[in-house]
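A short reminder: the numbers here are calculations on the coordinates, not readings from a lab. Quantities reported herein were computed from a predicted structural model and do not represent experimental measurements. Cβ: placed from backbone, ideal geometry, glycine included. Neighbour counts: every protein chain shown.
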Protein chains: 2
Amino acid sequence: MRKDIHTDGIPVLCVSCEARHRGVCGALEPEQLVSLAKSSHKQQAQSGTELLGDAERIDTYANVLSGVVKLTKTLSDGRQQIVGLQFAPDFLGRPFKTESDLNAEAATDVSLCAFPKAAVERMMQASPELERRLYRQALDELDEARDWMVTLGRKTAAEKIASFLLMIARHIDPTDNPDGDAAAFDLPLTRADIADFLGLTIETVSRQLTRLRADKVISIENNRHIVVPSLSRLEARAGN
Amino acid sequence: MRKDIHTDGIPVLCVSCEARHRGVCGALEPEQLVSLAKSSHKQQAQSGTELLGDAERIDTYANVLSGVVKLTKTLSDGRQQIVGLQFAPDFLGRPFKTESDLNAEAATDVSLCAFPKAAVERMMQASPELERRLYRQALDELDEARDWMVTLGRKTAAEKIASFLLMIARHIDPTDNPDGDAAAFDLPLTRADIADFLGLTIETVSRQLTRLRADKVISIENNRHIVVPSLSRLEARAGN
DNA sequence: CGGAAAGTTGACGATCATCAAATTAAGTGG
DNA sequence: CCACTTAATTTGATGATCGTCAACTTTCCG
């Protein structure tokens, strides 16, 4: 009985899935993948779709396969803050809690691989390796959240915008030249989202972007597409 | 051979330790406690002591036994932000990373139970239950960080102060009447620390505290001791 | 082409930071 | 225990940054 080293026994669903390489599914053995894949399904959601409501019962987890999901919190009078952005292949979910205390919404069109909560939790029991990956991701998210607290609490509007653009560039620059100091990408967020992420207003976001453009640190095409000729020049404005 | 059900075989160091009840050590069997206790030691640090420097190699973890530890991040020009506060019996440390990217400093006099990093990691391998507790704490810290992001990004100075006082009251009100709407406590932070926590200046912190006192929402004795006659009245000012 | 949504720009004002000085608390050595 | 020093906090005056309100422009999509 011969075995193809890499893909034999791996569910079709998972063969080319990024989550199996850089995401949490990388922790699983082929037979565990098979078992999990049985109860999982791919799911598309278009920009703006609410994936999970505040105070809603959580019964599914998911991997982000493409697109960006925003996690938000809202005060009773409507003020909103984005408290997390999830890119592929992040794991979406909050183990050990039955109710969500935040909203998850598709910031762009997204595709997800959804699992029943119970299936993941069973798998976590069976695979310490999976739990460890989830733990690592939680720690990474905690690091990011803390970096963001500095931005929210101590940076100026101009620095916030520069920091935000840098973060996005690092996550989704398609031209991905590792040493190249240039970058270009489409913003996954509207001005309103950026404002909610940075604790600013739309107007301030717009003004600061205009200023960066006037100073030739970035150029903007069609509102959404950003070109950064020199990341180091942008970085100099992030105030770290 | 008789066994005292509760304390037999438990290291003296641990018998009355809070971390064994509500903290991560609760995950360990008596013999594991014994093994860990061998390499652990209690440690005192007075207010202001740096426990861990940014970019420093991490080689010890610790449980906070009493007092408050503040986690801070500093920008190159000196602006500072507190990104976490740890109370007893929190676990202090960042598994899976060899270098710290933040500072830990004793905000009050603290006592710690310190462990060599390697010992904890060995124990994590041996005890999924321990890893799970650490994971849970990381998730709790993430929840707190996200709540705080809303405060930093979207609340006014007045609301920030009220939110801060509420958080402290919940953590360290010694009079701990669960249904009682009143509370009293000593602030574990100086005005400067509170400012760094809330993304404000000392002056604004002072003015907002003065205003709360003028409005009889709190009273202040000796700068540090706060009495809150009605937590619900304070909560109404937190803007949630 | 036309209407709605998203983004930009401008004028003005409120909140909070900055600078400066006064007051209170906390140590320290005599 | 008290004078003296130093640190922490409060208070006041002023100004900059960013939010608010409003009008205008661009982009998107049927």
Which whole-angstrom value gives the distance between the alpha carbon centres of the stretch A:61-128 and the stretch B:78-136?
25 Å
Dipole size in debye (nearest 20) for the protein assembly as shown around its Cα centre, Lys and Arg Cβ +1, Asp and Glu Cβ -1?
440 debye
So which aspartates and glutamates pass the test for B:Lys38, namely a Cα distance under 17 Å, with those fewer than 8 places away in the same chain ruled out?
B:Asp8, B:Glu29, B:Asp59, B:Glu121
With unit charges on the beta carbons (Lys and Arg positive, Asp and Glu negative) and the dipole taken about the Cα centre of chain A, which residue among A:Ser16, A:Ile161, A:Ala214 sits farthest to the positive side?
A:Ala214
To the nearest 10 degrees, how steeply does helix A:30-39 sit against the main Cα axis of chain A, on a 0 to 90 scale?
80 degrees
Could you tell me the center-to-center distance, by alpha carbons, between the stretch A:157-218 and the stretch B:140-162 in angstrom?
24 Å
Assertion target for A:Glu159, A:Glu29, ordered by fewest C-beta neighbours within 10 angstrom first, is A:Glu29, A:Glu159
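Counting only C-alpha contacts under 8 Å and six or more residues apart, can you give the relative contact order of chain A as a whole percent?
Working: 392 pairs, mean separation 44.1, N = 240.
Value for chain A: 18 percent.
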How far is helix B:128-154 tilted, in degrees, relative to the longest principal axis of the Cα atoms in chain B, given as a value from 0 to 90 rounded to the nearest 10?
10 degrees
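If the only charges are +1 at each Lys and Arg Cβ and -1 at each Asp and Glu Cβ, what is the size of the charge dipole of the stretch A:80-237 around the Cα centre, to the nearest 20 debye? Let's see the in-between values first.
On the way: 20 positive and 25 negative charges, 79 e Å.
It works out to roughly 380 debye.
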I'd like to know which of B:Ala145, B:Gln43, B:Phe197 lies farthest towards the positive end of the charge dipole of the protein assembly as shown, counting +1 on Cβ of Lys and Arg and -1 on Cβ of Asp and Glu.
B:Phe197
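By counting other Cβ atoms within 10 Å of each Cβ, how are B:Arg233, A:Arg57, A:Arg237 ranked from fewest to most?
Details: B:Arg233 16, A:Arg57 10, A:Arg237 21.
Going from least to most buried by this count: A:Arg57, B:Arg233, A:Arg237.
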For label points placed 7 Å from Cα toward Cβ, what is the shortest-first list of nm distances from A:Thr156 to its copies?
2.6
Taking amide H positions as placed 1.01 Å from N in the peptide plane, with prolines and chain starts having none, which residues 5 or more places from A:Ser66, or on another chain, fall under 5 Å of its amide H?
A:Ser111
Over the stretch A:155-235, what is the relative contact order in percent, taking alpha-carbon pairs closer than 8 angstrom and at least six residues apart?
36 percent
Which residue, chosen from A:Ile172, A:Ala27, B:Ile226, occupies the Cα position most advanced towards the positive end of the dipole of the protein assembly as shown, where the dipole is computed from +1 (Lys, Arg) and -1 (Asp, Glu) charges on Cβ about the Cα centre?
B:Ile226
With 10 angstrom as the radius, rank B:Thr210, A:Thr108 by how many other C-beta atoms surround their C-beta, starting from the fewest.
B:Thr210, A:Thr108
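Quote the convex hull volume per residue of the stretch B:12-144, based on C-alpha atoms, as a whole number of Å³. Don't skip to the end; give the middle numbers.
Details: hull volume 13.3 nm³, N = 133.
Per residue, the Cα convex hull of the stretch B:12-144 comes to 100 Å³.
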Considering chain B as a Gaussian network with a 10 Å cut-off on Cα pairs, which listed residue, B:Leu152, B:Leu75, B:Leu102, attains the greatest mean-square fluctuation?
B:Leu75
Chain A, helix-only ellipticity at 222 nm - DSSP H runs n ≥ 4, -39,500 (n - 2.57), divided by all residues, nearest 500:
-12000 deg cm²/dmol
Identify all lysines with a Cα-Cα distance to A:Lys70 below 21 Å; exclude those on the same chain that are fewer than 8 residues away in sequence.
A:Lys42, A:Lys97, A:Lys117, A:Lys160, B:Lys155
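Calculate, in nm to one decimal, what B:Glu121 and B:Asp8 gain on full extension: separation in residues at 0.36 nm each, minus their alpha carbon distance. Please report the intermediate quantities before stating the final value.
Values: separation 113, 0.36 × 113 = 40.68 nm, distance 2.54 nm.
Extending this stretch completely gives an extra 38.1 nm.
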Does anyone have the angle between helix B:117-126 and the longest principal axis of chain B? Alpha-carbon axes, 0 to 90°, nearest 10?
70 degrees
Measuring from its Cα centre, the stretch B:12-144 shows a charge dipole (+1 at each Lys and Arg Cβ, -1 at each Asp and Glu Cβ) which, in debye to the nearest 20, is 260 debye
